[in-house]
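Undergrad: Input: one structure, supplied below.
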Amino acid sequence: ANSPRPEEKTLDEMHGMVGCSEWTGVPLSVLLDEVGVKDGAGWVLSEGAEATKLGASMPLGKAMDDVLVAYGQNGEPIRPHQGFPLRLVVPGFQGKYHVKWLQRIKLVDRPYITYWEKHSYTKRQGSRRTGPNRMSNSHVAGAGAYFMEQGPKSVITFPSGEQRLPGRGYYTLTGLAWSGSGTVRRVEVSTDGGRTWTDAKLQEPLQRIALTRFTLPWTWNGEEALLMSRCTDDQDQVQPTADEFPDFWGTSGAPHGNQIQPWRVASDGTDHNAV
């Protein structure tokens, strides 16, 4: 999802573009092995059948790893709005790589810079940092980096924006954490705006590139509180603060907004977005 904005109020508005499903399909690597990969191929271009023909350029290494050409979701055929009859599932990568209504796959020697990649998912050259979260692209002038892998992210789901605590007393803070790089190893929670942190309990099993629920008991004294959560994955990547976000991605305009989300609990128990 994009970076949260101050005018957004609820959890769904700010962080609702995420899901976790059980997928059934054929590894893309099996299909590519069947047709044969020619020397010089380094990228895979996929295209959807919708009117806009959403396309995405993916490194061949990723395509040969864990990408799935899926026809089933949660034990039933993929529903039309989820990409029936076929779609790509690209674990850990941004949503636009999960091309729905898949109609074409092409092996190419360079990224194609499709319309949406050019306008929404790349940054111009001159970015400060190249790391595991994006891949440098020197093939096309003006497009400096592809944003691919999702960084570690967590968000408190209760209490969150527009919810209300009925009164002082005992509560269980709960939320979700995930990472496109691997497995969530740790989630810390702060109730004082980041001055102190406490390890939350992670619900098992801890699965790779999947949502992980966390909980922390908390006694609210009726005073204003600033709630935050911070995720660390098994690659030792730590979810950044808003100030750290540009250095994490090398730019302030990354399409995956994984900076720490603060919720402000007022003295009357109402909860508000504190971005």
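Undergrad: Within segment 1-20, is there a residue that is modelled with pLDDT of 95 or more and closer than 23 Å to GLY151 by Cα?
TA: No, because not a single residue in segment 1-20 is modelled with pLDDT of 95 or more and closer than 23 Å to GLY151 by Cα.
Undergrad: Tell me which of these ARG186 doesn't satisfy, since it passes every other one: (1) out of contact with any Gly (no Cβ under 9 Å at 6 or more places or on another chain); (2) more than 23 Å from GLN150 (Cα to Cα).
TA: Tallying (1) out of contact with any Gly (no Cβ under 9 Å at 6 or more places or on another chain); (2) more than 23 Å from GLN150 (Cα to Cα), ARG186 fails exactly one: (2).
Undergrad: Checking HIS272 against (1) touching a Ser or Thr at 6+ places or on another chain (Cβ under 8 Å); (2) touching a residue at least 24 places away in the same chain (Cβ under 8 Å), which single condition isn't satisfied?
TA: Only one criterion is unmet by HIS272, namely (1).
Undergrad: If you scan segment 146-172, which residues turn out to be assigned to a loop (DSSP other than H, G, I, E, B) and either modelled with pLDDT under 95 or surrounded by fewer than 22 Cβ atoms within 10 Å (Cβ to Cβ) (or both)?
TA: Once the filter is applied, which keeps residues that are assigned to a loop (DSSP other than H, G, I, E, B) and either modelled with pLDDT under 95 or surrounded by fewer than 22 Cβ atoms within 10 Å (Cβ to Cβ) (or both), segment 146-172 yields MET148, GLN150, GLY151, PRO152, SER160, GLY161, GLU162, GLN163, LEU165, PRO166, GLY167, ARG168.
Undergrad: What strands (runs of 3 or more DSSP E) completely inside segment 1-71 contain at least 2 residues that are in contact with a helix residue (DSSP H, G or I) (Cβ under 8 Å, 6 or more places away or on another chain)?
TA: 43-48, 55-59
Undergrad: For the structure I just gave you, tell me whether GLU50 is under 20 Å from the mean Cα position of the chain (by Cα), among the charged types (D, E, K, R) and exposed (fewer than 15 other Cβ atoms within 10 Å of the Cβ).
TA: Details: under 20 Å from the mean Cα position of the chain (by Cα): no; among the charged types (D, E, K, R): yes; exposed (fewer than 15 other Cβ atoms within 10 Å of the Cβ): yes.
So GLU50 fails the test.
Undergrad: Filter segment 256-275 down to residues that are of a type in the set (Lys, Arg) and in a loop (DSSP other than H, G, I, E, B), then give me how many there are.
TA: Adding up the residues that qualify gives 0.
Undergrad: Quick check on my filter: what residues within segment 180-233 are modelled with pLDDT under 95 and among the basic types (Lys, Arg)?
TA: Matches in segment 180-233: ARG208 only.
Undergrad: Quick one: how many residues across segment 183-207 are in a loop (DSSP other than H, G, I, E, B) and at negative phi?
TA: Here the count works out to 11.
The values are calculated or read from the model by the stated rules, or taken from the named source; none is laboratory data. In this text the structure is predicted, and so the values were computed from the model without any measurement. Note that we place each Cβ from the backbone using ideal geometry, even for glycine, and neighbour counts take in every protein chain shown.
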